[in-house]
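Here, each number is a calculation from the coordinates, and none is a lab measurement. Since the model is a prediction, treat every value here as computed from it, not as a measurement. FYI the Cβ positions are ideal-geometry reconstructions off the backbone, even for glycines, and counts take in every protein chain you see.
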Amino acid sequence: MGLASLGSGSKGNGTVVALGSKVFLIDCGFNLKQSERRLARLGLSGGDLHGILISHEHSDHIAGVAALAHKYAIPVYASYGTLKHDLRGVSGIPFDGDQPFEIDDVTINPVCVPHDAREPTQFVLSDGVETIGVLSDLGCVTSHVVEQYRNCTHALIEANHDSMMLSRGSYPQRLKQRVGADYGHLNNEQAHQLLQHIAHQDLHVVIGHVSEQNNAPHILERTLQPLHNSLAALHYATQAEGFGWLGQQPIKRQISFGEVM
């Protein structure tokens with residue numbers, strides 16, 4: 001079991017989840033060279049991935065999907081609405097939001113979230129022992145979201161911006177309104193409120209999709225500090241480095257002489 005990040009932020013996102021015998025990449029917002037380099041940093045190559053799960057069609061989540069999927073023949077999974085977007089020739093496998101499906105020993109639950117995309121989902125994956133949730137790019141916390149993520153043992157949670165920094169920052173007014181709206185991104189306080197609902201002593205949390213312009217580490221840490229005693233651990237992902245393996249790094253897939261390369 002493992003959770004790691006290629007990078008997390010408005011310039012590109014990619015989260016790696018290893019469960020059971022499978023390794024999945026959730027979103028890929030980096031070009032092929034960057035993706036390969038970032039995977040290698042985690043001890044993986046594209047050939048170790050059993051699937052790419054796409055949350056929605058925004059470029060910081062799909063820019064590198066086609067190149068990586070084509071080079072390594074990786075199956076791509078996305079909602080029907082997301083697949084209506086031009087994914088540069090990727091023939092994805094569609095799923096219905098909020099309808100769990102299985103890939104061998106892993107159950108994947110695509111959770112519908114409020115975001116300004118065609119049919120956005122986030123993901124909860126489970127092998128029956130560990131449950132890993134990835135939750136970013138949503139503008140508000142719904143009771144449905146809380147219920148779906150309540151039983152996670154590991155989770156990446158968005159805390160995109162500080163509301164005051166966003167309002168006083170350099171973004172155009174229209175973009176400020178989009179980011180701060182109910183179909184935009186979670187602010188620090190919303191992330192805190194979400195974690196209050198799902199926190200338990202066995203939950204390991206990584207905070208991601210943190211804005212480099214509209215947030216600051218000291219503000220984020222101050223907001224989330226009261227939660228430390230309610231969680232097993234609290235980590236932070238960055239745009240440049242993501243974060244390393246939380247949990248055990250997966251064993252690289254071995255190819256025997258009997259397999260077709």
Vicinal HN-Hα couplings computed from phi for region 212-225 (Karplus, 6.51 cos²θ - 1.76 cosθ + 1.60; Hz; Gly/Pro x)
7, 9, 10, 8, 8, x, 5, 5, 5, 5, 5, 5, 8, 3
Per-residue ellipticity at 222 nm for the chain, helices alone: DSSP H runs ≥ 4 residues times -39500 (n - 2.57), over residue total, nearest 500 deg cm²/dmol?
-6500 deg cm²/dmol
Near-label residues of region 46-81 by backbone N, under 19 Å of a point 7 Å along Cα→Cβ of N31
46, 59-72
Modelling each spin label as a point 7 Å along the Cα-to-Cβ direction, I'd like the V146/Y236 distance in nm, to one decimal.
2.7 nm
Hits among lysines - C-alpha to C-alpha of K176 under 22 Å, sequence gap 8 or more where chains match:
K11
Grab the other residues whose beta carbon is less than 13 angstrom from that of H144, score K and R as +1, D and E as -1, and report the net.
-1
Each residue of region 49-56 in order: what ³J(HN,Hα) in whole Hz does its phi give by Karplus 6.51 cos²θ - 1.76 cosθ + 1.60, θ = phi - 60°, with x for Gly and Pro?
8, 9, x, 10, 9, 9, 7, 5
Relative to the compact globular guide of 2.2 N^0.38 Å, what is the alpha carbon radius of gyration of region 127-185, as a ratio?
1.40
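Under 13 Å from the Cβ of L125, count the other residues' Cβ atoms, weight Lys and Arg +1, Asp and Glu -1, and hand me the total. Display every interim value, and only then the final one.
Numbers: positive: K22; negative: E102, D104, D105, D127, E130.
After counting each charged neighbour, the total is -4.
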In a solvent-free Debye calculation with one equal scatterer on each Cα, what is log10 I(q)/I(0) for region 103-223 at q = 0.10 Å⁻¹, listed in the order of the q values?
-0.31
Under the Karplus relation with 6.51, -1.76 and 1.60 and θ = phi - 60°, whole-Hz ³J(HN,Hα) for region 181-194, x at Gly and Pro, equal 7, 5, 10, x, 9, 6, 8, 4, 5, 5, 4, 4, 5, 4
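Any chance you could run the full-extension gain for R178 through D116? It's 0.36 nm times the residue separation minus the Cα-Cα distance, nm to one decimal. Don't skip to the end; give the middle numbers.
Numbers: separation 62, 0.36 × 62 = 22.32 nm, distance 0.86 nm.
Once the chain is fully extended between R178 and D116, it gains 21.5 nm.
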Amide H proximity to L234 below 5 Å, modelled H, separation 5+ or other chain, gives V205
Around V205, what is the net charge, scoring Lys/Arg as +1 and Asp/Glu as -1 over all other residues with Cβ under 14 Å from its Cβ?
-2
Inter-site label distance for S91 and N229 at 7 Å from Cα along Cβ, in nm:
5.8 nm
Once R0 is set to 25 Å, what does the formula 1/(1 + (r/R0)^6) return for the Cβ-Cβ distance between D104 and R41, expressed as a FRET efficiency to the nearest 0.05?
0.40
Over the chain, what relative contact order in percent results from Cα pairs under 8 Å that are six or more residues apart?
20 percent
Taking every alpha carbon pair in region 2-243, what does the distance histogram look like in 10 angstrom bins from 0, in percent?
8, 35, 39, 17, 2
